[in-house]
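The values are calculated or read from the model by the stated rules, or taken from the named source; none is laboratory data. Since we're looking at a predicted model, the values are computed, not measured. In this analysis, Cβ positions are derived from the backbone assuming ideal geometry, glycine residues included, and neighbour counts consider all displayed protein chains.
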Amino acid sequence: MRAILDYFQLFNIEQSFNVELSYLSQAYQTLQKSVHPDRFAHASSQEQLLAVQKSAEINDAYQTLKEPIKRAEYLLNLRGVEMPNEQHSFSDTSFLMRQMELREMLDDVKTSNDVDAALAEAQRELSIEHQQHFDLMSAQINENSAASNALACDNLRKLKFYQKLNIEIERIEDSLFDD
C-alpha cells in the first residue's frame, strides 16, 4: 500500500485551513524547479519518469491547497472525516428549501423586465450566503474537534451547492449578453 502524500508537509506549511498563498506559491515554484525535466535531461529514463510523476504530484498538491474548497475537503479527509458522496441527501430541510428558492430566483432572472438588476441581486444574494457558510466552515475547521469537523463537512457540502449556483449564474449571464 502506498503512503498518502501530505500536501502540507510537502510545502513545509502547517496543517491548517488558513494558508499563506504567497508562501505556498513560492514553495510550489521552488519544488517544481527541483523536478523540472531540464534537470533530468541526461538522467536515466526511470529518473526522468520519476521527475515527471513528482512534478504531477506537486502540481496536484498545489491545486488542492490553493483553492479553499479543495483545501477544506483535503484537510477534513486528513482528519479522518467521512465525506458523504454528492447523492447523499441533506437533513437540513431549510437549506434545501433555500436552494429551491435560489434556483427559482435564477430562473426568474431570465424573464425579468430588468435583467441587469435581477442578475445583480441574484449575484449579491449568492455572494452573501456563500460568504456566511464559508466563514462558518472556516471557524469550524479551525476549531478542529470531532463535532466541529462534522459541521464543517456539512457546510463544505453546502458551499459546493453555492459553487454550482454561481456557475449557473455565469451561464445565464453569458446567454443573456451573448445575443
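For this structure, a couple of remarks:
- Residue within the stretch 170-178 that is of a type in the set (Phe, Trp, Tyr), on the phi < 0 side of the Ramachandran plot and at pLDDT 95 or above present: no
- Test: residue in the stretch 127-145 that is among the polar types (S, T, N, Q), in contact with a His (Cβ under 9 Å, 6 or more places away or on another chain) and without any contact (Cβ under 8 Å) to a residue 60 or more places away in the chain: no
- Qualifying residues in the stretch 1-42 (those that are within 24 Å of the chain's Cα centre (by Cα) and of a type in the set (Gly, Ala, Ser)) - the one modelled with the lowest pLDDT: Ala3
- Selected residue [over 30 Å from Ala61 (Cβ atoms) and either among the small types (Gly, Ala, Ser) or not in a helix (DSSP H, G or I) (or both)] from Ala139, Ala120: Ala120
- Sub-7 Å Cβ pairs linking a first residue in the stretch 31-51 that is under 21 Å from Tyr62 (Cα atoms) to a second residue that is surrounded by 12 or more Cβ atoms within 10 Å (Cβ to Cβ) and at pLDDT 90 or above, at least 6 apart or interchain, are Leu31/Ile58; Gln32/Ser55; Gln32/Ile58; Val35/Lys54; Val35/Ser55; Val35/Ile58, ordered by first then second residue.
A quick yes/no check of all residues on (1) surrounded by 13 or more Cβ atoms within 10 Å (Cβ to Cβ); (2) farther than 25 Å from Phe177 by Cβ; (3) at pLDDT below 90:
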residue	(1), (2), (3)
Asn59	yes, yes, no
Ser89	no, yes, yes
Phe95	yes, yes, no
Gln99	yes, yes, no
Asp108	no, no, no
Glu121	yes, no, no
Leu126	yes, no, no
Leu151	yes, yes, no
Tyr162	yes, no, no
